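Q: Next up is a structure, given as structure tokens.
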Amino acid sequence: MGNKFLYTKNLSVGYDRNILIDGINISVNRGQITTLIGPNGAGKSTILKTIIGQLDKISGTFFIDGKNAEGISGNELAKTMSVLMTERMETELMTCADVVKTGRYPYTGQLGILSKHDKSKVTEAMELTRVTEIGNRNFNRISDGQRQRVMLARAICQEPDVLILDEPTSFLDIRHKLEMLNILKMLVCEKDIAVIMSMHELDLAQRVSDRIVCVGGKGIDKYGTSEEIFTAEYIGKLYGIAPYCYNENYGTAELEKPRGVPQVFVIAGGGTGINAFRNLQRQNIPFITGIIHENDIDFPAASALAAEVITEKAFEPISSDNIEKAAEKIALCREVICCTDKFGTMNIGNKKLKEYAQKQGKLKNSH
Amino acid sequence: MKSASKRYAVCFSLLAALLLILFALNLFFGSIRVSAAEFLQIVSGSSDNVTAASIINGIRLPRALAAALLGGALSVSGFLLQTFFNNPIAGPFVLGISSGAKMTVAFAMIIFLGAGKTMSSAALITAAFVGSMLSLGFVLLISVRVKKSSLLIVSGVMIGYICSAITDFAVTFASDSSIVNLHNWSMGSFSGIDSGDVKAVSAVVFTALTITFILSKQIGAYSLGEVYAQSMGLNIRLFRTVLILLSSILSAVVTAFAGPVSFVGIAVPHLVKSLFGTAKPQVIIPASFLGGAAFCLFSDLVARTVFAPSELSISTVTAVFGAPTVIWIMLRRKSER
């Protein structure tokens, strides 16, 4: 941990002397993306606002590049840190290029005239975030996606060592979200800057972040790598959702399962069942599914949405015990949906179930 | 980039030319008309028309200079207040700052005149500054509690009414000789300003203006919103204090000598922004000054000459031209958002 660029020491943050989060001890490294996740109102923005100096800290200290932040002058800090916050920048008659140029503010003289060097930095940043073409457009008349890219160009040409972003991907479509994160990843790798941001998209946070800070309850709940944080159990606890809703491999969540007595049995496996599960969920029909291997791609959605999942151990052929169990369930259901027509050594048991359902006159093929 | 600076140059020349023409018209027209040739003679001292010479030197020249300087000061003050409150229709008159200054100046005048003394320029400016800060203090107190900009304006207008009521009350019970003086002044007028006043005015206005211009980079940063201004290294608290002091001084000088003048502070900065197609303080501060000067010279010319020998109060004229501008601003902003 020799290269920690920004770190906090028992930092407490909050509004109007009321502590919201206590005892924050985190460190942020150069060349890494550190992401704050946590429920709404947990204090992610409060932490970021305190670090950028918009809010006064309540107690504790934090250090930037080895120096106590309190001793750093406004201008010096501006050359070290740039921001992209959720507050909209208020501009009047300003083009996108004008907005980007404001990033050079800490480097210009008293009259704010840009040197050749400043201008080349502006051009470079605008090319990087691909906003050169909209340089002459009025900043108030561009889309949210374009606006975030212009603001990012502005933050980049400020030549920061640490870049702080509050929910940079909220309100963006999927393409712009990915673009934004790709640019950040590139900045981190090529310019060796440190990025701290807050995010609500767990799937993307999981993919892009080197370090995750979990803000919840009264403090920093957990701090670690993506692998350590994004487990179904922990994410479920952090956000107060049922762990089975959350898929830890993909960072996605399913809606709540239908309640009541199961009416349908779904024979699935190998990813064939997911659409059927979601369909039944939308129609609010409780269902049972099986027989699904524990390592099957259908498994996470099944355990999130089905009233009951009959499972088989990974890589094992389906046991006769399980077939019997499933057949009992089928007997109780009014209908059986079979999603798969491919049966091999491992799932030959499901073929037996299908035949059983057919005999009972309950089978309704999904394809 | 090139086309923008060309536009600025053209617009600045236009404003300067307008200012010169209006300045000349203010000198030539009035109860007696002076031709350009006569004017040159008077200025060179070779004229034998003593009446005309004394009218030009003693009355019209200081009055025109005052109208130009004070008009410029007023619109720069308006620009600063709009920046400070992030509100397009903030201005010294709307926020009750002019009325506050009017109130303290009226009291000071009554006290001085009652003691049989006349007020010096410095005393006038000081009294007006105290009044400005008083009203502004109230507006600031309210602005901390409510962030809504419409409420800010309402409270400013209310403070203005309260101050005016107190002023009227004082004027009603003041002795006769004071009233005559006060009445003209409290309506707003550039009349009765002598060359001594002009010197005092120009000293204060140019100092404040220079400081304002030097701060244009910071003003530009501040106008982007506090979050970004701070991340750019601006000391927000210090800057806010300086901004408030500058705008108060500028509007106090105006009120001290010309009484409350409405709408210049709101209308001119916006007109200038549209004309120049930018809101860069580096451009808009000098341009607002020129524009405000031209606007007040024009208004004063109208006030003096259209219904001569009766003279209109300056606010009557500025309101006729300024109020529609404010409506236009609000409509345009609504359509832009």
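Q: Pick from A:327, A:357: which is in contact (Cβ under 8 Å) with a residue 60 or more places away in the chain, open to solvent by less than 30 Å² (accessible area, probe 1.4 Å) and not in a strand (DSSP E or B)?
A: Step by step, each of A:327, A:357 is checked, and only A:357 is in contact (Cβ under 8 Å) with a residue 60 or more places away in the chain, open to solvent by less than 30 Å² (accessible area, probe 1.4 Å) and not in a strand (DSSP E or B).
Table: residues versus (1) of a type in the set (A, V, I, L, M, F, W, C); (2) within 21 Å of the chain's Cα centre (by Cα); (3) over 23 Å from residue B:287 (Cα atoms).
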residue: B:65; (1), (2), (3): yes, yes, no
residue: B:75; (1), (2), (3): no, yes, no
residue: B:81; (1), (2), (3): yes, yes, no
residue: B:126; (1), (2), (3): no, yes, yes
residue: B:134; (1), (2), (3): yes, yes, yes
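Q: Another one. How many residues are under 20 Å from residue A:152 (Cα atoms), more than 8 Å from chain B (Cβ to nearest Cβ) and part of a loop (DSSP other than H, G, I, E, B) if we restrict to the range A:70-97?
A: 1
Q: What's the number of the condition residue A:53 fails, among (1) in contact (Cβ under 8 Å) with a residue 60 or more places away in the chain; (2) within 14 Å of chain B (Cβ to nearest Cβ); (3) assigned to a loop (DSSP other than H, G, I, E, B)?
A: (1)
Q: Ok, one more. Which one of these is of a type outside the set (Gly, Ala, Ser) and open to solvent by 60 Å² or more (accessible area, probe 1.4 Å): A:68, A:3?
A: Of the residues listed, the single one that is of a type outside the set (Gly, Ala, Ser) and open to solvent by 60 Å² or more (accessible area, probe 1.4 Å) is A:3.
Q: Answer yes or no: is there a residue in the range B:247-261 that is within 14 Å of chain A (Cβ to nearest Cβ), surrounded by 24 or more Cβ atoms within 10 Å (Cβ to Cβ) and either closer than 26 Å to residue B:198 by Cβ or among the hydroxyl-bearing types (Ser, Thr, Tyr) (or both).
A: no
Q: Let me ask another. Under 6 Å between Cβ atoms, at least 6 apart or on separate chains: pull out the pairs that start in the range B:123-137 with a residue that is under 13 Å from residue B:92 (Cβ atoms) and end on any residue that is part of a helix (DSSP H, G or I) and among the β-branched types (Val, Ile, Thr).
A: B:128/B:105; B:128/B:255; B:131/B:104; B:132/B:97; B:135/B:97; B:135/B:159; B:136/B:97
Q: Continuing with this model, one more query. What about residue A:91, is it modelled with pLDDT under 90 and open to solvent by less than 40 Å² (accessible area, probe 1.4 Å)?
A: Against the criterion (modelled with pLDDT under 90 and open to solvent by less than 40 Å² (accessible area, probe 1.4 Å)), residue A:91 qualifies.
Q: Something else about it: Looking only at the range B:212-243, which residues are more than 14 Å from residue A:112 (Cα to Cα), open to solvent by less than 30 Å² (accessible area, probe 1.4 Å) and at the interface with another protein chain (Cβ under 7 Å from one of its Cβ atoms)?
A: B:224, B:225, B:227, B:228, B:231 - these are the residues of the range B:212-243 that are more than 14 Å from residue A:112 (Cα to Cα), open to solvent by less than 30 Å² (accessible area, probe 1.4 Å) and at the interface with another protein chain (Cβ under 7 Å from one of its Cβ atoms).
Q: I'd like the full set of residues that are open to solvent by 10 Å² or more (accessible area, probe 1.4 Å) and either more than 8 Å from chain B (Cβ to nearest Cβ) or on the phi > 0 side of the Ramachandran plot (or both), limited to the range A:99-108.
A: Those that are open to solvent by 10 Å² or more (accessible area, probe 1.4 Å) and either more than 8 Å from chain B (Cβ to nearest Cβ) or on the phi > 0 side of the Ramachandran plot (or both): A:101, A:107.
Q: Next up: For the list (1) more than 16 Å from residue B:94 (Cα to Cα); (2) in a helix (DSSP H, G or I); (3) within 19 Å of the chain's Cα centre (by Cα), I need the number of the one condition that residue B:191 fails.
A: Single failed check for residue B:191: (2).
Q: Among the helices (runs of 4 or more DSSP H) lying completely within the range B:11-104, list those that include at least 1 residues that are modelled with pLDDT under 85 and open to solvent by 60 Å² or more (accessible area, probe 1.4 Å).
A: By residue number, B:36-44, B:50-54.
Q: Could you tell me whether the range A:34-43 includes any residue that is closer than 21 Å to residue A:184 by Cβ, in a loop (DSSP other than H, G, I, E, B) and within 11 Å of chain B (Cβ to nearest Cβ)?
A: Scanning the range A:34-43, I find no residue that is closer than 21 Å to residue A:184 by Cβ, in a loop (DSSP other than H, G, I, E, B) and within 11 Å of chain B (Cβ to nearest Cβ), so the answer is no.
Q: If residue A:315 satisfies every condition in (1) surrounded by fewer than 17 Cβ atoms within 10 Å (Cβ to Cβ); (2) at pLDDT 95 or above; (3) aromatic (Phe, Trp, Tyr) but one, which is the exception?
A: Only one criterion is unmet by residue A:315, namely (2).
The values are calculated or read from the model by the stated rules, or taken from the named source; none is laboratory data. Here the structure is a predicted model, which means the values were calculated and not measured. Heads up, the Cβs are rebuilt from the backbone with ideal geometry, glycines too, and the neighbour counts pull from every protein chain shown. These accessible areas exclude ligands, DNA and RNA; they are computed on the full protein's heavy atoms, side chains included. Shrake-Rupley method; radii C 1.70, N 1.55, O 1.52, S 1.80 Å.
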